[in-house]
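The values are calculated or read from the model by the stated rules, or taken from the named source; none is laboratory data. It should be emphasised that the depicted structure is a prediction, and the values quoted were computed from it without experimental measurement. Don't worry about glycine lacking a Cβ; one is built from the backbone with ideal geometry, like all the others, and counts go over all protein chains shown. What goes into the accessible areas is simple: the full protein's heavy atoms, side chains included, and nothing from ligands, DNA or RNA. Shrake-Rupley method; radii C 1.70, N 1.55, O 1.52, S 1.80 Å.
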Amino acid sequence: MPSYRNVALAMFLTLHGALGFGLRTSSLIASSASLRRTMSKATTTTAIYSTAEATESEKKTPIKNEEAYSKVKMEDIVSLCKRRGIIFPSSEIYNGFAGFFDYGPLGSELKKNVKDNFWRHFVQRREDVVGIDSSIIHNPTTWQSSGHLDGFSDPMVDCKETKLRYRADQLFCAPVTVEECGTTVGFVCVLEANDEDMVKAAKKQAKKLLKESDRKGQAIQPFAFKDLTQVSEEEMGQIPSPGSGKPTLTMPRDFNLMFQTNVGAMQDGSSVAYLRPETAQGIFINYKNVIGTSRQKLPFGIAQIGKAFRNEITPRNFIFRSREFEQMEIEYFIPPGDDVWQPFHEKWIADSKAFLETVGLREDLMGYDIHEGDGLAHYARACTDITFKFPFGEQELMGIAARGNFDLTSHTEGSGKTLDYFDEETKEKFIPHVIEPSLGVDRLILALICSAYAEDEVNGEKRNYLSFHPSIAPVKVSVLPLVKNKEPLVKAARELFEKLQMRWNVQWDQTGAIGRRYRRADEIGVPFCVTVDFETIEDDGAVTIRDRDTTEQVRIPMDEVVPYLSKMIDGY
């Protein structure tokens, strides 16, 4: 049961802390200490365990707004990332550079945590996967053998009037057909987005077409969208360009996505090289080295995390599609055979989904897209994408492909070096087949930010916060001394802060009312706040640890703080 001193102190701190005035003078501290020493009788009210709780108004379970994410626009996510130091436009002081982004203080920590989690999950905790880190620039023949020089392209259309360029498979057109008579009055053309936004943009264009054809107000048939790679020349002559609003688009043509550079002092054909458009080929060309040095036996995998570069025609949707990005890929080598690859493929799909859930992706926002027929690469036996519902629509997040033996066979032919495998049990030589789980770091970060976006209501007050999983949160813990001008209290808090720094990225915050500091930590996704108060130094030697999502608080002895947080953050 609580003492009168706690009740009196709660009233005192409510007046001087929770209302935002703070404890500014030594006389106020002395008054607090005096109250604490003289009040000792028990009461029958709800227990107050610390001075931190006395200033915290969160007594009720937060009421979560389950519809918050469904109402979020991509502009809101971009603004949030800029405002909170997660992601900035690159070269912003020079008006930016399309398709390139810089990660800020919180973003760089988030990115590091995501990559570390991937590496621990798929490399360190498995005996059948090893890692490499290959160079960004390979011998140019690599890309000839892999097919990138001839076939790594996207379909592009140009606007002849504005000179703007678009990816043909990201522009969608539809005829505007009058419901009553079936007459087509023209075409609409909209950029790829979620269904609601595409229909909204198409209706706006259709309204203008109906007005120009003296059919204002007439009902039209539902839009039957198709991308511009599927249109005929006759149809293209009626499809308006997003840039000019008139039918000024060219027919689609291929555009190679590789960034070209020159190596060495000469600037001629012999010095041409390319920035890698994917990390996979660096794994394949090192397959022989890994087999010879790692003592791995089939089945086994090689993982790599690294930068890749693609000269996207129209980079869009923030970091979802950019020109410089980072990939996390595994090439998992298996024996050949029509009855062999499918179980491995299914297992990697399940393992990949499990990983995404462990880092905090919402399961209700994930789905599957199974490629079939023309949707498969010419060399692939199967490919399943794990998708995510972004604000701009459901898109591919992670692909798991059964690539056959295409890559190792191509590099065997291109290099003249044997890349086969000798099975000591069967005494057979063969070129292994491959299962490839491939995940973009930047896409995953965007999905994690979207998954973490949360709103709730605490005692009638709206709260916006980022509910990052503790393992990937940029800041793990915020250490809060209750007041900043009581030396023993600040010293105890500082010692704990420096101890936690040895394990995690933690934050020190001593300014403002304790409730306000909690909100600041919530906004950047800090999962735990540790408050050092008067009872820490004068009574029980314990601290208050507050959970971000539930706002619940527990009282933990100082020497048990690290084990408690380790269990909550790292799982052990």
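Quick notes on this structure:
- Per residue accessible area in Å² of the chain, where ligands, DNA and RNA are left out and the probe is 1.4 Å: 48 Å²
- Scanning residues 5 or more positions from Ala382 or on other chains, those with amide H under 5 Å from its amide H are Ala402, with H placed 1.01 Å from N in the peptide plane.
- Across the range 466-474, rounded Karplus estimates of 3J(HN,Hα) from the backbone phi angles (6.51 cos²θ - 1.76 cosθ + 1.60, θ = phi - 60°) give 10, 8, 4, 4, x, 5, 10, 4, x Hz, Gly and Pro being marked x.
- Solvent exposure, largest accessible area first (probe 1.4 Å, DNA, RNA and ligands not counted), of Glu331, Glu66, Glu457: Glu66, Glu457, Glu331
- Loop-located GluC sites (Glu not before Pro) in the range 180-210, at most 11 other Cβ atoms within 10 Å (DSSP): Glu180
- Normalised by the number of residues in the range 130-265, the average gap of Cα pairs under 8 Å and 6 or more apart makes the relative contact order 31 percent.
- Lysines with Cα under 20 Å of Lys204, excluding same-chain neighbours fewer than 8 positions away: Lys73, Lys216, Lys226, Lys246
- Straight Cα distances below 14 angstrom link Lys429 to the aspartates and glutamates Asp420, with same-chain residues fewer than 8 positions distant left out.
- Each Lys or Arg adds one and each Asp or Glu subtracts one; over the other residues with Cβ under 13 Å from the Cβ of Lys297, this totals -4.
- Cut-off under 5 Å, modelled amide H: who pairs with Gly186 long-range: Val176
- Solvent-accessible area, 1.4 Å probe, carbon plus sulfur percent, for the range 122-192: 47 percent
- Apolar share of the accessible surface for the range 340-473: 46 percent from carbon plus sulfur atoms, 1.4 Å probe.
- Gap separating the Cα centres of the range 466-514 and the range 193-231, nearest whole Å: 55 Å
- Stokes-Einstein D for the range 202-336, Kirkwood Rh over Cα pairs, 10 °C, 1.306 mPa s (µm²/s): 78 µm²/s
- Three-way shape call for the range 332-461 based on the alpha-carbon gyration tensor, with the a/c threshold at 1.5: prolate
- CD proxy at 222 nm, helix term only [per DSSP H run n ≥ 4: -39500 (n - 2.57); per residue of the chain; nearest 500]: -9000 deg cm²/dmol
- Rounded Å value of the spacing that divides the Cα centres of the range 114-143 and the range 302-355: 11 Å
- Near Leu397, the amide H atoms lying under 5 Å from its own belong to Ile386, Thr387, Phe388; only residues 5 or more places off or on other chains count, and H is placed 1.01 Å from N.
- Taking the DSSP beta bridges with both ends in the chain, the antiparallel portion is around 90 percent.
- The label point for Ser232 and the one for Lys216, both projected 7 Å from the Cα toward the Cβ, are 3.4 nm apart.
- Note, ³J(HN,Hα) from phi for the range 178-189, Karplus 6.51, -1.76, 1.60, rounded to Hz, x at Gly and Pro: 5, 4, 5, 10, x, 7, 8, 9, x, 10, 10, 9
- The phi torsions of the range 127-134, fed into the Karplus equation with coefficients 6.51, -1.76 and 1.60 and a -60° offset, translate into couplings of 8, 10, 9, 10, x, 9, 9, 8 Hz, rounded to whole numbers, with Gly and Pro shown as x.
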